[in-house]
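One structure is given below, encoded as structure tokens.
The values are calculated or read from the model by the stated rules, or taken from the named source; none is laboratory data. All values reported here derive from a predicted model rather than from experimental measurement. When we count neighbours, we look across all protein chains shown, and the Cβ atoms used for this are built from the backbone with ideal geometry, even at glycine.
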Amino acid sequence: MSDKLHPRYRHFASHQDYVKMGSSYRPFQMYVNETDYVSGSANTDGHGLRVQHKQNGVILDLESCHYGIYDIMVGGSSVFGVDASSDCSTLPACLSRGGIDCLNWGIRGAGSQQELHAFLNFKRWVPNIRNVIIFSGVNLCSLATLPSVMIYPDQGALFSEEHYLNQALGGLRSAAEHQIFRDKLARLSRRAINAYCRNSWIRCLLKQFSPKLRNETRSGQIPLRNVTGFSKRVQSLINLLKNELATWASLACGMNFKLTYILQPAINWTRKPLSSVEAECFEEDVRLYPEMLQFANRDFHSSYALMISNICMKNGIRFFDANQCFDISSSSETLFTDVCHLSDQGNEFLAKGLMEALSF
């Protein structure tokens with residue numbers, strides 16, 4: 001089955017709008033959602049944030065948030081609202097109906113460090129914050145399953161690191177004066193890098209003329225510190241999460257907002273029986289990405305939730321496992337569009353559960 005025939009396209013017409021959406025390079029965050037993207041289901045502003053509306057229907061510009069009190073939700077694509085049929089159908093939009101607008105600062109594919117960087121960047125426009133909600137969890141263990149992803153034990157990991165690096169370099173090259181020169185320079189640069197990485201004799205030759213390269217390593221190899229093995233990769237990212245959540249706790253104390261970490265719901269993390277649509281989409285995803293089953297199971301969820309809960313407790317952060325909300329759902333309800341993204345009905349269902357459980 002080709003990607004174009006994936007059941008998500010048939011069951012969720014909005015999915016194609018998200019597939020067409022790209023990304024925009026940003027320093028420190030690496031990337032944000034494609035800026036100024038326009039489609040029938042999903043739209044973004046000049047910051048790459050999802051367009052959202054006040055409760056009276058007027059568009060809520062980030063620059064206008066200097067006045068008033070707001071809640072903020074950070075996270076990845078589930079916060080951004082992948083597969084939602086409109087900007088008003090995302091989880092933050094549904095939570096906004098409770099009285100205070102909840103700002104959607106979700107970035108598709110964001111890791112926990114990028115969630116923190118997004119907040120540090122955008123908070124200057126929102127001086128009065130009531131709640132910050134970290135809605136996260138799946139991207140961390142998803143990163144750990146992908147052999148193509150580098151996990152640096154002291155820095156973390158990124159989805160599609162090479163793609164975004166090339167995107168950044170492409171943006172810098174666009175400042176050059178002539179297109180032909182840019183293309184030739186890019187090809188030459190790629191060839192030089194590939195030759196250096198793949199040929200030991202070239203490295204040795206260059207090191208004869210460069211003291212810096214000569215002292216790089218005794219073996220002559222470029223040092224790559226990649227963590228291998230799913231369990232070790234998860235633990236490495238959890239160790240970094242400890243530092244990130246400690247930083248979040250300090251921000252909450254200094255800025256006087258209430259901080260909550262919500263472990264997002266996922267198929268096989270909740271006891272919810274799958275509807276026929278959910279089962280069809282999930283089965284196809286597992287066929288395309290079998291590594292998913294390393295984390296999409298009850299045993300992993302139990303130990304993973306406990307690890308994050310303990311980190312939150314040590315930092316005085318309120319923790320809630322949103323999978324509890326879905327345990328009471330019936331199999332006839334299609335709340336998931338894949339392992340962790342939610343349908344419009346799923347966003348509504350979860351927003352109601354969170355407001356009841358956490359008094360947002």
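Which pairs turn up if I take residues in region 222-241 that are over 12 Å from Q155 (Cα atoms) and look for partners that are among the β-branched types (V, I, T) and at pLDDT below 95 with beta carbon separation below 7 Å, at least 6 apart in sequence or on another chain?
Within 7 Å, the pairs are P223/T217; R233/I151; R233/V227.
Return a yes/no flag: does region 275-282 have any residue that is farther than 21 Å from L95 by Cβ, within 20 Å of the chain's Cα centre (by Cα) and modelled with pLDDT of 95 or more.
yes
Which of the numbered conditions does S86 fail, given that it passes all the others? Conditions: (1) in contact with a helix residue (DSSP H, G or I) (Cβ under 6 Å, 6 or more places away or on another chain); (2) within 25 Å of A266 (Cα to Cα).
For S86, the exception is condition (1).
Consider Y289 against the criteria (1) under 21 Å from L146 (Cα atoms); (2) more than 19 Å from the chain's Cα centre (by Cα); (3) aromatic (F, W, Y): it satisfies all of them except one. Which criterion is unmet?
For Y289, the failing item is (2).
Here is a check on your reading of the model: is V58 closer than 30 Å to G170 by Cα and aliphatic (A, V, I, L, M)?
No: the conditions fail for V58.
To keep it simple, each residue is scored yes or no on (1) over 30 Å from F295 (Cβ atoms); (2) at pLDDT below 95; (3) loosely packed, with under 13 Cβ neighbours inside 10 Å.
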{"residue": "G137", "(1), (2), (3)": "no, no, no"}
{"residue": "L143", "(1), (2), (3)": "no, no, no"}
{"residue": "V149", "(1), (2), (3)": "no, yes, no"}
{"residue": "A157", "(1), (2), (3)": "no, yes, no"}
{"residue": "R173", "(1), (2), (3)": "yes, yes, no"}
{"residue": "I180", "(1), (2), (3)": "yes, yes, yes"}
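Quick check: is even one residue across region 6-13 surrounded by fewer than 20 Cβ atoms within 10 Å (Cβ to Cβ), closer than 18 Å to V277 by Cβ, out of contact with any Leu (no Cβ under 6 Å at 6 or more places or on another chain) and among the aromatic types (F, W, Y)?
Looking for residues that are surrounded by fewer than 20 Cβ atoms within 10 Å (Cβ to Cβ), closer than 18 Å to V277 by Cβ, out of contact with any Leu (no Cβ under 6 Å at 6 or more places or on another chain) and among the aromatic types (F, W, Y), one finds at least one in region 6-13, hence yes.
Please enumerate the residues belonging to region 16-48 that are under 16 Å from the mean Cα position of the chain (by Cα) and among the basic types (K, R).
R26
Which condition number does D321 fail, the rest of (1) crowded, with 19+ Cβ neighbours inside 10 Å; (2) touching a residue at least 60 places away in the same chain (Cβ under 8 Å) being met?
Here D321 clears every test but (2).
Check A249 against each of (1) modelled with pLDDT of 95 or more; (2) in a loop (DSSP other than H, G, I, E, B); (3) not basic (K, R) and name the one condition it does not meet.
A249 satisfies all of (1) modelled with pLDDT of 95 or more; (2) in a loop (DSSP other than H, G, I, E, B); (3) not basic (K, R) except (2).
Could you tell me whether any residue of region 51-72 is modelled with pLDDT of 95 or more and closer than 18 Å to H341 by Cβ?
no
I need the full set of residues from region 269-283 which are of a type outside the set (K, R) and out of contact with any helix residue (DSSP H, G or I) (no Cβ under 6 Å at 6 or more places or on another chain), in order please.
Matches in region 269-283: P273, L274, S275, S276, E278, A279, F282, E283.
If only one of K314, K272 is assigned by TED's automatic domain parsing to the domain that holds P127, charged (D, E, K, R) and out of contact with any Asp or Glu (no Cβ under 7 Å at 6 or more places or on another chain), which one is it?
Step by step, each of K314, K272 is checked, and only K314 is assigned by TED's automatic domain parsing to the domain that holds P127, charged (D, E, K, R) and out of contact with any Asp or Glu (no Cβ under 7 Å at 6 or more places or on another chain).
Name the residue, out of S309, S303, that is of a type in the set (S, T, Y), at pLDDT 95 or above, surrounded by 13 or more Cβ atoms within 10 Å (Cβ to Cβ) and in a helix (DSSP H, G or I).
S309
Has region 338-359 got at least one residue that is exposed (fewer than 15 other Cβ atoms within 10 Å of the Cβ) and free of Cβ contacts under 8 Å to residues at least 12 places away in the same chain?
yes
Could you list all residues from region 9-43 that are part of a loop (DSSP other than H, G, I, E, B), of a type outside the set (A, V, I, L, M, F, W, C) and closer than 22 Å to L116 by Cβ?
The answer is P27, Q29, E34, T35.
Would you mention how many residues in region 268-280 are hydrophobic (A, V, I, L, M, F, W, C) and more than 18 Å from H6 (Cα to Cα)?
Number of matching residues: 1.
Kindly provide the set of residues from region 43-59 that are without any contact (Cβ under 8 Å) to a residue 60 or more places away in the chain and under 21 Å from Y18 (Cβ atoms), ordered by number.
N43, T44, D45, G46, G48, R50, V51, Q52, H53, I59
Part of a loop (DSSP other than H, G, I, E, B), of a type outside the set (D, E), on the phi > 0 side of the Ramachandran plot and assigned by TED's automatic domain parsing to the domain that holds K352: does that describe G46?
no
Which residue is surrounded by the fewest Cβ atoms within 10 Å (Cβ to Cβ), if the candidates are limited to region 241-273 and must be touching a Ser or Thr at 6+ places or on another chain (Cβ under 6 Å) and within 28 Å of G346 (Cα to Cα)?
Ranking the qualifying residues of region 241-273, first place goes to P273.
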